[in-house]
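Chemist: The structure is given below, and queries will be raised subsequently.
The values are calculated or read from the model by the stated rules, or taken from the named source; none is laboratory data. Just so we're clear, the structure is a prediction, and the values are computed from it rather than from any experiment. For neighbour counting, all protein chains shown are included, and Cβ atoms are generated from backbone atoms with ideal geometry for every residue, glycine included.
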Amino acid sequence: MNLGLLAAVLTCLAGAVLLSGPVGAAPPEKETKVAKTVLTEQRRGRGAYLARLANCMGCHTAQGGHSYAGGRRLSTPFGTFITPNITPHEATGIGYWSEEDFWKAVHEGKSRDGRPLYPAFPYTEYTKITREDSDAIFAHLQTVEPVAQHNPPSQINFPYNFQPLLSVWRAIYFKPGVYQPEPGKSAEWNRGAYLVQGLGHCNACHSERNPLGAAGGETLGGGQIMGSNWYAPSLTSSLEAGSTGWPLEEIIQLLTTGVSARATMSGPMAEVVSQSLQHLSKEDARAMAIYLKSLPESIPRPSTAAPALNEEVRNGLLQGSKIYKKHCEDCHGASGQGAPGIYPPLAGNRAVIMDPPVNTIRSVLNGGYPPSTTGNPRPFGMPPFAQVLRDGEIALVLSYIRNAWGNRASLVTAAQVDKSREGIH
């Protein structure tokens, strides 16, 4: 039942009470006020749920900071963007904004004063959100604690700080438009598509970016996360993170708990599951899984060739096997088989042999930690090895893992490990 219909039902019920109720029944004005209060609370509650799905708090909250008060730094090749305060504080937040102002930002990518926004704010995906959902999110944001927090301005590099260039970019790469249901598809499929394409803004990470920062190539086809040494794998390739051949329940489990028999979420995606996806309703989790499972298989991206097993390579793999035996074998097993539900297998693991190998490198450096969720409150994790192993040692052990037990993938170099150390403290 939509909100308009619910309002009509509540109003009719109030009228019926007045006509047939006993003497002394509440006056019409009071009944109408109660009905409006109920609708307002329902909309705010829905807005809180939708804000979770859109992961608004994830970007608009600095580490250790107040929720929605902004201040988080997003590093990109075009400069460092500082997320704004979206609490209802009048001086430093969006306390003076209206529903129309918020809709303009979400749907058109424009600020309250009409300035075009940089697509570090993913309005290129949020534009698919309906006006009803936008208004509900705004209603929720108006109820959070106002925080007086002035955030520093973004530091955008020249010439990208030249506003006319942004207008040209928008004319080429951005077209506003609410999601339109696809005829011939089920209501569940269309709901899943709406969540993935709009509120979930999955393509903002899971796609290649051209030199001007616009999403290009295949939708959800995978890509390097801008300004990060993490790769968001393809959601359309069975060689990466595609789930076409998975049972539906396993996809749902992975989305909402971060772990399944076939995969484990880690890195930035673990944060998304913890902050957003674990809060999906059963209906929305199923809808999203149905849509993801339906994505057509993509053409595999070119991969770096596995090494020819000459003497030099064999010697390196032998050294890597010794490092593996010392640091990895106790958990992942002598044959890379892992331990079901505890430690992921390495043999036949598509995340391990994926090109580029940045995610595997980062997991070894940072440690591999699935999200803590209601469905998996105490996940097993791997400790970080950034301070334990040198770059060359990490390269050797990963090269071994990527070419043992039937795995075949390119070697990892010390230079790749060194690059991935950026941002590690």
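Chemist: (1) within 21 Å of the chain's Cα centre (by Cα); (2) among the small types (Gly, Ala, Ser); (3) farther than 30 Å from residue 208 by Cβ: which one isn't true of residue 294, the others all being true?
Modeler: Going through (1) within 21 Å of the chain's Cα centre (by Cα); (2) among the small types (Gly, Ala, Ser); (3) farther than 30 Å from residue 208 by Cβ one by one, residue 294 breaks only (3).
Chemist: I'd like to know if the stretch 378-393 contains one or more residues that are within 21 Å of residue 270 (Cβ to Cβ), among the small types (Gly, Ala, Ser) and at pLDDT below 95.
Modeler: So far as the stretch 378-393 goes, yes, one or more of its residues are within 21 Å of residue 270 (Cβ to Cβ), among the small types (Gly, Ala, Ser) and at pLDDT below 95.
Chemist: I want to confirm something. Restricting to the stretch 112-158 and keeping residues that are among the charged types (D, E, K, R) and farther than 29 Å from residue 49 by Cβ, which single residue is surrounded by the fewest Cβ atoms within 10 Å (Cβ to Cβ)? First the steps, then the outcome.
Modeler: Residues of the stretch 112-158 that are among the charged types (D, E, K, R), as a first pass: 112-113, 115, 125, 128, 131-133, 135, 145.
This time we only want the ones that are farther than 29 Å from residue 49 by Cβ, so: 113, 115.
Details: 113: 6, 115: 11.
Applying the filter and picking the extreme gives 113.
Chemist: Which residue is farthest from residue 333 (Cα to Cα), if the candidates are limited to the stretch 404-423 and must be touching a helix residue (DSSP H, G or I) at 6+ places or on another chain (Cβ under 6 Å) and assigned to a loop (DSSP other than H, G, I, E, B)?
Modeler: Here the answer is 413.
Chemist: I'm trying to understand the selection: among the residues of the stretch 359-395, which are of a type in the set (D, E, K, R) and surrounded by fewer than 21 Cβ atoms within 10 Å (Cβ to Cβ)? Before the answer, list the steps.
Modeler: As a first pass, look at the stretch 359-395 and keep what is of a type in the set (D, E, K, R): 362, 378, 390-391, 393.
Passing the criteria: 378, 390, 391, 393.
Chemist: May I ask you to verify whether residue 363 is assigned to a helix (DSSP H, G or I) and within 16 Å of residue 266 (Cα to Cα)? Spell out how you get there, then give the answer.
Modeler: Working: assigned to a helix (DSSP H, G or I): yes; within 16 Å of residue 266 (Cα to Cα): yes.
Spelling it out, residue 363 is indeed assigned to a helix (DSSP H, G or I) and within 16 Å of residue 266 (Cα to Cα).
Chemist: Right, here's the next one. Within the stretch 269-292, is even one residue free of Cβ contacts under 8 Å to residues at least 40 places away in the same chain and outside any helix (DSSP H, G or I)?
Modeler: no
Chemist: Go through the stretch 325-358 and report how many residues are crowded, with 16+ Cβ neighbours inside 10 Å and over 21 Å from residue 304 (Cβ atoms).
Modeler: Of the residues in that region, 8 qualify.
Chemist: Please tell me if residue 113 is at pLDDT below 95 and acidic (Asp, Glu). Please lay out each step first, then the result.
Modeler: On the way: at pLDDT below 95: yes; acidic (Asp, Glu): yes.
Answer is yes for this residue.
Chemist: Moving on to the next point. Working carefully through the options 203, 161, find the one that is touching a strand residue (DSSP E or B) at 6+ places or on another chain (Cβ under 9 Å) and either loosely packed, with under 15 Cβ neighbours inside 10 Å or part of a strand (DSSP E or B) (or both).
Modeler: Working: 203 fails: either loosely packed, with under 15 Cβ neighbours inside 10 Å or part of a strand (DSSP E or B) (or both).
Only one candidate passes the filter, namely 161.
Chemist: Considering only residues that are free of Cβ contacts under 8 Å to residues at least 60 places away in the same chain and farther than 18 Å from residue 49 by Cα, look in the stretch 253-268 and name the one that is farthest from the chain's Cα centre (by Cα). Can you show your working first?
Modeler: So the first thing to find is which residues in the stretch 253-268 are free of Cβ contacts under 8 Å to residues at least 60 places away in the same chain, and the list is 254-255, 260, 262.
Now narrow it down to the ones that are farther than 18 Å from residue 49 by Cα: 254, 260, 262.
Values: 254: 13, 260: 18, 262: 20 Å.
Once the filter is applied, the top-ranked residue is 262.
Chemist: Could you list, in sequence order, all residues of the stretch 315-354 that are over 12 Å from residue 401 (Cα atoms), in contact (Cβ under 8 Å) with a residue 12 or more places away in the chain and in a helix (DSSP H, G or I)?
Modeler: If the condition is that a residue be over 12 Å from residue 401 (Cα atoms), in contact (Cβ under 8 Å) with a residue 12 or more places away in the chain and in a helix (DSSP H, G or I), then 327, 331 are the ones that fit.
Chemist: Looking at the stretch 176-189 only, could you name the residues that are under 22 Å from residue 104 (Cα atoms) and either aromatic (Phe, Trp, Tyr) or modelled with pLDDT under 95 (or both)?
Modeler: Residue satisfying the conditions is 179 alone.
Chemist: Okay, moving on. Which of the numbered conditions does residue 247 fail, given that it passes all the others? Conditions: (1) within 26 Å of residue 364 (Cβ to Cβ); (2) without any contact (Cβ under 8 Å) to a residue 24 or more places away in the chain.
Modeler: Status for residue 247: all satisfied but (1).
Chemist: Can you spot a residue in the stretch 87-103 that is closer than 28 Å to residue 164 by Cβ, in contact with a Gly (Cβ under 9 Å, 6 or more places away or on another chain) and of a type outside the set (Ser, Thr, Tyr)?
Modeler: no
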